[in-house]
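> This is the structure, below, for whatever I ask next.
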Amino acid sequence: MKPIEIKKDIYWVGHVDWSSRDFHGYSLSPRGTTYNAYLVKDEKITLFDSVKAEAVNTLKCRIAQVCDLSDIDYIVIDHVEQDHAGAMPAIIEAAKPEKIFTSPMGLRTIKAVFGDVDWPIEVVKTGDSVSIGTRTIQFMEMRMVHWPDSMASYIPEDKLLIPNDAFGQNIASSERFVDEFNRAEVFRSMQEYYANIVLPYSPQVLKVLEQVAELGLDIDMIAPDHGLIFRGKEDCQYALDTYKAFAEQKAVKPKAVVVYDTMWHSTEKMAKAITEGLEREGISVRCMWLKANHHSAVMTEIFDAAAVIVGSPTHNNGIMPNVAAMLTYMKGLRPQNKIGAAFGSFGWSGESVKAITEWLEAMHLDIVAEPVKCQHVPGHDVLGQCAALGHAVGQAIKAKITA
Ligand code: FEO
């Protein structure tokens, strides 16, 4: 449990959660995750963030190899969500810091989460800074990236940005830097994290990126609170550019996601015929049955797809529970700039395609083809209509991408 020196006298003192698979209770973390905390040894020894409550001993152990816990003078709470602040009460109790810095919303959230604590809190806003000796910490509020209290800290003397959740990836590893790891996996993890956690706050991400550009921050290290650290100007620019592209949601691929649930395989047969139609148009397809694919894995695929085609049998005059859950999850994440379509089988009433279409319209998807519905088992005619739906969506995707 060594601390890792990431810059002279700046240490990673976080926790690697190798077994995390259920991130925050709603999203898969198939590679595990980390809760990163950073300790800066200067005239005022400063700790940035902590870890989950249950990992407090790991944090204490790593800190103890740099300094005594009671030597910590300042603590910065960039975000109060429990994966970063869960260990704070124990750390504050042991360290008895002189000052704790947090955003205005951070103070409100601390009171709501930890009660009426008597911590020595100093509220800081965007533009405020504090000297810790040879270094300065500049604070930048990042409201809604990921909570209203979220804040980034920047140390100009080290060109170091500590942006909390932003630029995070759920990767548990012995490596600490992106340049030591498989870059394709880093990109995939950034995508998974953004698609399932940051996506609804894309307008706020763009504002933060604009702010970083306006302030002319000279950055050669981005140390997020989850996953690997971006080291060197090239990798930092990569992180900034990747987030800009994610937040703009313009760079969709010639790709479609067919997502469905099924009772007696009729809707499944329809899904496969639609997939075939899309493939014949040269479209990359992910055909995802909701009993085989977690909603967060589906959302990651939807994130860079141009179209989402949703299928459900009619169940009790509505849609299947898994499809309702998927649509609820997707709507909350507010994906933009997508084409949509609906399909499904039914026994006697057949409301599912109408219900799905209403969901897609509520999400402002562009409905480019009539839904296909089928009573009981699809024959050649219906499967032909499904393939035609795939063709129509495929052509709309190509038109959209070349527009
Ligand atoms: Fe990693 Fe919003 O907490």
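> Only one of these is surrounded by 15 or more Cβ atoms within 10 Å (Cβ to Cβ) and assigned to a loop (DSSP other than H, G, I, E, B): 344, 350, 340. Name it. Explain how you work it out, then say what you get.
Working: 344 fails: assigned to a loop (DSSP other than H, G, I, E, B); 340 fails: assigned to a loop (DSSP other than H, G, I, E, B).
The unique qualifying residue is 350.
> Out of (1) part of a strand (DSSP E or B); (2) more than 16 Å from the ligand (Cβ to nearest atom); (3) buried (at least 17 other Cβ atoms within 10 Å of the Cβ); (4) of a type outside the set (Ser, Thr, Tyr), the odd one out for residue 5 is which?
With respect to (1) part of a strand (DSSP E or B); (2) more than 16 Å from the ligand (Cβ to nearest atom); (3) buried (at least 17 other Cβ atoms within 10 Å of the Cβ); (4) of a type outside the set (Ser, Thr, Tyr), residue 5 is out only on (3).
> Residues that are over 21 Å from the mean Cα position of the chain (by Cα), surrounded by 21 or more Cβ atoms within 10 Å (Cβ to Cβ) and within 16 Å of the ligand (Cβ to nearest atom), at least 1 per element: which strands (runs of 3 or more DSSP E) completely within region 82-152 meet that? Break it down stepwise before answering.
Values: elements: 99-102, 121-123, 129-131, 136-141.
Correct list: 99-102.
> Tell me which of these residue 347 doesn't satisfy, since it passes every other one: (1) of a type outside the set (Val, Ile, Thr); (2) closer than 28 Å to residue 27 by Cα; (3) touching a residue at least 24 places away in the same chain (Cβ under 8 Å).
Here residue 347 clears every test but (2).
> For the structure I just gave you, tell me whether residue 200 is surrounded by fewer than 18 Cβ atoms within 10 Å (Cβ to Cβ), within 16 Å of the ligand (Cβ to nearest atom), at pLDDT 95 or above and closer than 21 Å to residue 24 by Cα.
The answer is yes for residue 200.
> Take the residues in region 6-55 that are of a type in the set (Asp, Glu) and over 23 Å from the mean Cα position of the chain (by Cα), then tell me which one is farthest from residue 186 (Cα to Cα).
By that ranking, first place goes to 43.
> So which residues in region 30-44 are under 23 Å from residue 293 (Cβ atoms) and away from the ligand (no atom under 11 Å from the Cβ)? Write out each step before concluding.
First, pick out the residues of region 30-44 that are under 23 Å from residue 293 (Cβ atoms): 30-33.
Answer for region 30-44, where residues must be under 23 Å from residue 293 (Cβ atoms) and away from the ligand (no atom under 11 Å from the Cβ): 30, 31, 32.
> Mind listing whichever residues of region 241-290 are within 30 Å of residue 212 (Cα to Cα), of a type outside the set (Ser, Thr, Tyr) and touching a residue at least 24 places away in the same chain (Cβ under 8 Å)?
Listed by number, the residues that qualify are 244, 246, 247, 248, 249, 250, 251, 252, 253.
> Taking only pairs six or more apart or across chains, which ones have beta-carbon atoms under 9 Å, a first residue in region 164-187 that is more than 22 Å from residue 151 (Cα to Cα), and a second residue that is part of a loop (DSSP other than H, G, I, E, B) and β-branched (Val, Ile, Thr)?
Correct list of pairs: 181/171; 185/171; 186/171.
> Something else about it: Across region 8-21, what is the number of residues that are in contact with a Pro (Cβ under 8 Å, 6 or more places away or on another chain) and assigned to a strand (DSSP E or B)?
Total meeting the criteria: 2.
> Within region 221-256, track down each residue that is within 16 Å of the ligand (Cβ to nearest atom) and assigned to a strand (DSSP E or B).
If the condition is that a residue be within 16 Å of the ligand (Cβ to nearest atom) and assigned to a strand (DSSP E or B), then 222, 229 are the ones that fit.
> For region 307-332, which residues satisfy the criterion of being part of a strand (DSSP E or B) and out of contact with any strand residue (DSSP E or B) (no Cβ under 6 Å at 6 or more places or on another chain)? Quick ask: steps written out before the conclusion?
Just the residues of region 307-332 that are part of a strand (DSSP E or B), to begin with: 307-311, 315, 318.
Selection gives 315, 318.
> When you check residue 47 against the structure, is it surrounded by 23 or more Cβ atoms within 10 Å (Cβ to Cβ), within 26 Å of residue 115 (Cβ to Cβ) and away from the ligand (no atom under 16 Å from the Cβ), yes or no?
Yes: the conditions hold for residue 47.
> Still on this model: Of all residues in region 153-168, how many are more than 16 Å from the ligand (Cβ to nearest atom) and more than 20 Å from residue 7 (Cβ to Cβ)?
Looking only at that region, the number is 0.
The values are calculated or read from the model by the stated rules, or taken from the named source; none is laboratory data. Just so it is clear, the model here is predicted, and its values are computed rather than measured. Cβ: placed from backbone, ideal geometry, glycine included. Neighbour counts: every protein chain shown.
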